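All of the numbers you see were taken from the coordinates with simple rules; none came from a lab. Nothing here was measured: the structure is a model prediction, and the numbers come from that model. Cβ placement follows ideal geometry from the backbone for every residue including glycine, while neighbour counts extend to all protein chains displayed.
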There are 2 protein chains.
Amino acid sequence: MIELAAQRCQLPRWRDRLQSADEAAALIHDGMTVGMSGFTRAGEAKQVPLALARRAEHEPFQITLMTGASLGHDTDGILADAGVLARRMPFQVDRRLRAAINRGEVMFVDSHLSEMSEQLRHDQLGALDIAVIEAVAITADGGIVPTASVGNSASFAAQADKVIIEFNVAAPEALIGLHDIYVPAKRPGRQPIPISAPDTRIGTPYIPVDPDKIAAIVLTQEQDSPADITPANEATQRIAEHLIGFFESEVAAGRMSLSLMPLQAGIGSVANAVLHGLMAGPFEDLTMYSEVLQDSTFELLDHGTLRFASASAITLSDAYGAKVWNNLERYRDRVVLRPQELSNHPGMSRRLGVIAINTAIEFDIYGNVNSTHINGTHMMNGIGGSGDFARNSHLSIFVTTSTARGGALSSVVPFVSHVDHVEHDVDILVTEHGLADLRGLAPRERARVIIDRCADPVYRPALAAYFDNACARGGHTPHCLEQALAWHVAAQRDGSMRALVDQPT
Amino acid sequence: MIELAAQRCQLPRWRDRLQSADEAAALIHDGMTVGMSGFTRAGEAKQVPLALARRAEHEPFQITLMTGASLGHDTDGILADAGVLARRMPFQVDRRLRAAINRGEVMFVDSHLSEMSEQLRHDQLGALDIAVIEAVAITADGGIVPTASVGNSASFAAQADKVIIEFNVAAPEALIGLHDIYVPAKRPGRQPIPISAPDTRIGTPYIPVDPDKIAAIVLTQEQDSPADITPANEATQRIAEHLIGFFESEVAAGRMSLSLMPLQAGIGSVANAVLHGLMAGPFEDLTMYSEVLQDSTFELLDHGTLRFASASAITLSDAYGAKVWNNLERYRDRVVLRPQELSNHPGMSRRLGVIAINTAIEFDIYGNVNSTHINGTHMMNGIGGSGDFARNSHLSIFVTTSTARGGALSSVVPFVSHVDHVEHDVDILVTEHGLADLRGLAPRERARVIIDRCADPVYRPALAAYFDNACARGGHTPHCLEQALAWHVAAQRDGSMRALVDQPT
Ligand SMILES: CC(C)(COP(=O)(O)OP(=O)(O)OC[C@H]1O[C@@H](n2cnc3c(N)ncnc32)[C@H](O)[C@@H]1OP(=O)(O)O)[C@@H](O)C(=O)NCCC(=O)NCCS
Ligand SMILES: CC(C)(COP(=O)(O)OP(=O)(O)OC[C@H]1O[C@@H](n2cnc3c(N)ncnc32)[C@H](O)[C@@H]1OP(=O)(O)O)[C@@H](O)C(=O)NCCC(=O)NCCS
């Protein structure tokens, strides 16, 4: 490993800083706040967190762990099971960590992905003791070339007292040059961020680090965990078709060109299906200004429909990963990875006019969206970047299948059990049954369109009955408060909302 | 009036376009979309809307009315009563219009104030037929110098087929030069908005208008309606004290200088009390980057504590108004009025690091805020700019008294009956009882702090009991769903939440 490392490390006397993962992890003490690289399973620190979990077996201690977003390799689960996590932010997707959060054992601070770096920079989250960042190369003055994600790493490196580098000698060398690192200045006096298109480059290809802060370099060679790609099914296919049809009608109405506007797409099967669908359509010269690039992005790049993609991470399946990582040169001029505070920046969404496509768990008849809480109480993953994009985008789209658990739960409900996206932030809703275009509509109008276009036919009459009863009571956003959460109460009690269908409210 | 007008109008042959309000109003037909100036009772079109209401008495017709924000002079009420309003956006505060909205008669599209111009510009709200804009002067090439607000007028003038100018010859001439008009370009290709401080000027002192579009000039001389200033009382005074104490502690902790960060303050008595309180404190060289400037802004400018204020409108009481309007020269270098899409721009909030102070109707134990709906159904005013600022600011603060209706309603509830601001967007909550600093806290931690610091002592045990019962069931955001809205159901039934105090859930 040392020879491979030497080829990519320019830092003088770097060998003096080499440590084992266990040695480096020993720098992390009980009560510390640690910032680690990693965003949607890409580019995370891989060895030091495992060393922490091992140490906790015989020496209990707890930390606050901050990352870019989710980690792969079950790292969050391993750390949660080891009892290492007192506090975790800003996002996670791990089954075991999720359970610990929902038991109230880990304090999870679910946050907008663009915001945490700002809060850290302005000392609103306390001091950051240590950063652990995966690198593919190290420059002569200590600069870190990150791997498949940037996430919050640039801010972590700037804010932390000490930096541990996980130097991944197996990461593809072609990653070098892919990143564009720019960190907004402290306020006041901050100048505009000079990005005017997805392909604008404004920074350095590495994360500047004070070399005196580099406390340890740990050599690693594990690959990122592959993305779990849920294959498209009939429902996601239909959702994609509705959305593609909508884009075509926007073009026909003269509201957008065939290049649409820069696309943001959440992770998952619907997003993949939509991007696939764009390949078949008449679209050309598309761009993405998104958080994470999946297989479908590279397929679109290969196909030529997509001209450029900007994001904070690349997360690929095993099959597609091999193809992309071995041919990265081919994409070098067409992909850039940025810090997540830039990929998700509210000002950039507004400036570029992003089309934001994110997934809902459920939405209500007025268009309020729940993206995070199962039955209002149990955290699934977190709000992630959906709020950064939905509020400030040109078009804010949420997709979901109209039912869950084999039809036992309606994803269209009278009153969402938790709100992540308020109706003002939701322009378009899509399920396999259809697309509701809510632009310029008042709540009572939204309700009719949402029930008619998006709800499953089985649940439509009960939703319409609720809405009619509510309207009879009046109000801008009519509700029967004593019935508003009855659907979720039934779901909790019976595991199903079918009771509501049999006796509509 | 003509002579006064002549002194401030450079447009050649402008007299040919003079019309009475009734004649100009005749340009507006059934089914049209009309954009009028006016923002928090400032600078609104005053004669044409009344002419519309008169005409509707004998010739029923309906329009979609867009403005900057709220109108004065009971204009919205008069139009609502006359049945002229089919659709209204993006904000209102009128008692009679509110009633019509809540009866479902007027389709009210409650929107983020920064967003409507974008939607209009990109043709997401249909075509704008006519703009009606109040002017204090008209330039040689048809440019409109607006009066006490800019609002959406620059976009209305650009988008409308025809422009009616209400030329207010009684508006203070010193308004000329106060405005900074800049309209973001269509996308793609939009460049960064080059504002880097509240006092940056980037545009023209007038709204550019194609002179061929000026279909009528109507002479007027009414003043703006004065602001209703609710005097400070003990509760608002205490809220202000808690907040000032918090700012002092932020300075002591080194997180801000004595100049704080640019302040945004909603309208109303708490905002006024807070700004007053800043006068007594150690603060210096303050700035505002807000929507609307009230009496307290000018008092702070006079006092020297405030260095500069940027907003979209000036709304003053009768008493203070006379003082300011007659001495406007004195403030010329220290105040600027911008289009609301710039005063409320998400990117500007993030760039400048605005401290956003807005008012809640109620908030829940997890920090979700309802700013708009009484008991979840009945619209009060609208979200206004609060969402623009809360999501993207440096610090997002919401204030309210801990109870309403003489203590019969708790403003701290288990589950808000409507969500305008999700917990991620709420850093600080303040009532007369205390201040909850929620930064970096998970929901279960937020609940304890909010109940202890903000709730009225009468309601605290019932809230704590709800929370404990909910925690026993588990979840990241614990709730007892079948009880979650019981407080509002009681309020609806009894006009009071006291029943919950007697038998805690
Ligand atoms: C919303 C989100 C959870 C959907 O994920 P997904 O994988 O596409 O959707 P799935 O259909 O697999 O649903 C995920 C879970 O929610 C459950 N669910 C879905 N709809 C539900 C409903 N209406 N009621 C209750 N549970 C529901 C599913 O049963 C599943 O639970 P399980 O894993 O225990 O079976 C996911 O997109 C997310 O976390 N979004 C928020 C973050 C975000 O938007 N980031 C920005 C882009 S990355
Ligand atoms: C929230 C808002 C309505 C508060 O207004 P305010 O004048 O400071 O507050 P008030 O105490 O007078 O309350 C306004 C009304 O809400 C009612 N109210 C307040 N708290 C309540 C509660 N917890 N439950 C039920 N009703 C409540 C009051 O009774 C009053 O109703 P009334 O006029 O019929 O008596 C107002 O700030 C607003 O519209 N905000 C949203 C827009 C915004 O924030 N814009 C950005 C800055 S301008």
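How much net charge surrounds residue A:231 when only other residues with a Cβ under 15 Å from its Cβ are counted (Lys, Arg +1; Asp, Glu -1)? Write out the running numbers ahead of the final one.
Numbers: positive: A:238; negative: A:228, A:234, A:295, A:299, A:318.
Summing Lys/Arg as +1 and Asp/Glu as -1 gives -4.
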message = Could you compute the net charge surrounding residue A:174? Neighbours are other residues with a C-beta less than 14 Å from the C-beta of residue A:174; K and R count +1, D and E count -1.
response = +2
inquiry  = Suppose we keep just the DSSP beta bridges with both residues in region B:305-437; what percent of those would be antiparallel, to 5?
reply    = 45
query = Where does each of A:217, B:207 land when they are ranked from fewest to most other beta-carbon atoms within 10 angstrom?
reply = A:217, B:207
request  = Among the lysines, select those whose C-alpha is under 27 Å from the C-alpha of residue A:186, and discard any that sit fewer than 8 residues away in the same chain.
outcome  = A:162, A:213
ask   = What are the residues whose amide H is under 5 Å from the amide H of residue B:207, where those residues sit 5 or more places off or on another chain and H is modelled from the backbone?
value = B:144, B:145
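Ratio of Rg to Rh for chain B, alpha carbon only, Kirkwood? Please list the in-between numbers first.
On the way: Rg = 23.3 Å, Rh = 23.5 Å.
With Rh from the inverse mean 1/r over Cα pairs, Rg/Rh is 0.99.
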key: For q = 0.11, 0.14 Å⁻¹, Debye-computed log10 I/I(0) when each Cα of region B:103-212 counts as one equal scatterer   = -0.40, -0.64
note = Taking Cα pairs closer than 8 Å and at least 6 residues apart, the relative contact order of chain B in percent is 13
ask   = What residues have an amide H closer than 5 Å to that of residue B:432, excluding those fewer than 5 places away on the same chain, when H is modeled at 1.01 Å from N in the peptide plane?
value = B:402
inquiry  = Between helix A:48-58 and chain A, what is the angle of the helix's C-alpha long axis to the longest principal axis, kept within 0 to 90° and rounded to the nearest 10?
reply    = 90
message = Given points 7 Å out from each Cα along the Cα-Cβ axis, report the residue B:30 to residue A:26 separation in nanometres with one decimal.
response = 8.7
remark   = Largest-first semi-axes in Å of the equivalent ellipsoid built from the Cα gyration tensor of region A:1-220 are 26, 22, 16
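Taking every pair of Cα atoms in region B:368-454, average 1/r, invert it to obtain the Kirkwood radius, and report Rg/Rh to two decimals.
Details: Rg = 12.6 Å, Rh = 13.4 Å.
Using Cα coordinates only, the ratio equals 0.94.
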note = Rg (one decimal) and Dmax (whole number) from the Cα set of region B:221-362, in Å, equal 14.8, 52
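In whole angstrom, how long is each semi-axis of the equivalent ellipsoid of region A:1-104, when you take the square root of 5 times every eigenvalue of its Cα gyration tensor and sort them from largest down? Show your work: numbers first, answer last.
Details: eigenvalues 143, 52, 25 Å².
The equivalent ellipsoid of region A:1-104 has semi-axes of 27, 16, 11 Å.
Given the peptides A:257-265, A:23-31, A:366-374, arrange them by the average over their residues of other C-beta atoms within 10 Å, most packed first. Mind showing how you got there, number by number?
On the way: A:257-265: 22.0, A:23-31: 17.2, A:366-374: 25.1.
Highest-to-lowest ranking by the protection proxy: A:366-374, A:257-265, A:23-31.
Could you compute the net charge surrounding residue A:491? Neighbours are other residues with a C-beta less than 15 Å from the C-beta of residue A:491; K and R count +1, D and E count -1.
On the way: positive: A:405, A:493, A:498, B:473; negative: A:362, A:364, A:456, A:494, A:502, B:482.
Residues close to residue A:491 contribute a combined charge of -2.
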message = Run the simple label-point estimate for residue B:439 and residue A:471 please: 7 Å along Cα→C-beta, distance reported in nm.
response = 4.7
request  = Would you give the gap between the C-alpha center of region B:198-229 and the C-alpha center of region B:412-483, rounded to a whole Å?
outcome  = 44
note = Amide H neighbours of residue B:151 at under 5 Å, excluding residues fewer than 5 places away on the same chain, with H built from the backbone geometry, are B:340
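Hey, any idea what the orientation-averaged projected area of the convex hull of region A:234-457's Cα atoms comes to, in nm²? Working shown, then result.
Values: hull surface 48.4 nm².
Mean projected area of the Cα convex hull: 12.1 nm².
If you take the beta carbon distance between residue A:182 and residue B:228 as r and set R0 to 56 Å, what does 1/(1 + (r/R0)^6) give as a FRET efficiency, to the nearest 0.05? Let's see the in-between values first.
Values: r = 46 Å, r/R0 = 0.83.
The value I calculate is 0.75.
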ask   = When every alpha-carbon pair in region B:454-504 is counted, what percent end up more than 14 Å apart?
value = 53
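By count of other Cβ within 10 Å, fewest leading, how are B:196, B:114 ordered? Walk me through the intermediate numbers first.
Values: B:196 18, B:114 30.
Ranking B:196, B:114 by Cβ neighbours within 10 Å, fewest first, gives B:196, B:114.
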request  = Would you order B:3, A:362, B:173 from fewest to most other beta-carbon atoms within 10 Å of each residue's own beta-carbon?
outcome  = B:3, B:173, A:362
ask   = When each copy gets a label point 7 Å from Cα toward the beta-carbon at residue B:2, what are the spacings between them in nm, shortest first?
value = 9.8
inquiry  = For chain B, take the longest principal axis of its alpha carbons; what is the angle in degrees between that and the long axis of helix B:269-280, to the nearest 10 within 0 to 90?
reply    = 90
ask   = Roughly how many whole Å is it from the C-alpha centroid of region B:240-289 to that of region A:319-378?
value = 36
inquiry  = Within 10 Å of each candidate Cβ there may be at most 15 other Cβ atoms; applying that plus a DSSP loop requirement, which trypsin sites (Lys or Arg not before Pro) in region B:125-192 survive?
reply    = B:186, B:190
note = So the angle from the long Cα axis of helix A:460-473 to the longest Cα principal axis of chain A, reported in degrees to the nearest 10, equals 80
message = If I model a spin label at residue B:280 and residue B:202 as a point 7 Å from the Cα along the Cα→Cβ vector, what separation in nanometres do I get?
response = 3.8
note = With one decimal in nm and the nearest listed first, the spacings from residue A:452 to its own position in the other copies, using label points 7 Å along Cα-to-Cβ, are 5.3
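What number do you get for the protein assembly as shown when its Cα radius of gyration is normalised by 2.2 N^0.38 Å, N = residues? Provide the component values of the computation, followed by the final result.
Numbers: Rg = 28.1 Å, N = 1010, 2.2 N^0.38 = 30.5 Å.
That works out to 0.92 for the protein assembly as shown.
How shielded is A:469-482 by partner chains, expressed as the average number of their Cβ atoms within 10 Å of its Cβ atoms? If you can, show how the numbers build up before the last one.
Numbers: counts 0, 1, 1, 0, 3, 6, 11, 18, 10, 5, 8, 3, 14, 7.
Average neighbour count from other chains, rounded to a whole number: 6.
So in region A:1-149, what percent of DSSP beta bridges are antiparallel if you round to the nearest 5? Mind showing how you got there, number by number?
Details: 4 of 17 bridges.
Taking every DSSP beta bridge within region A:1-149, about 25 percent pair in antiparallel fashion.
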Unit charges on C-beta of K, R, D, E only; dipole of chain A, Debye = 700
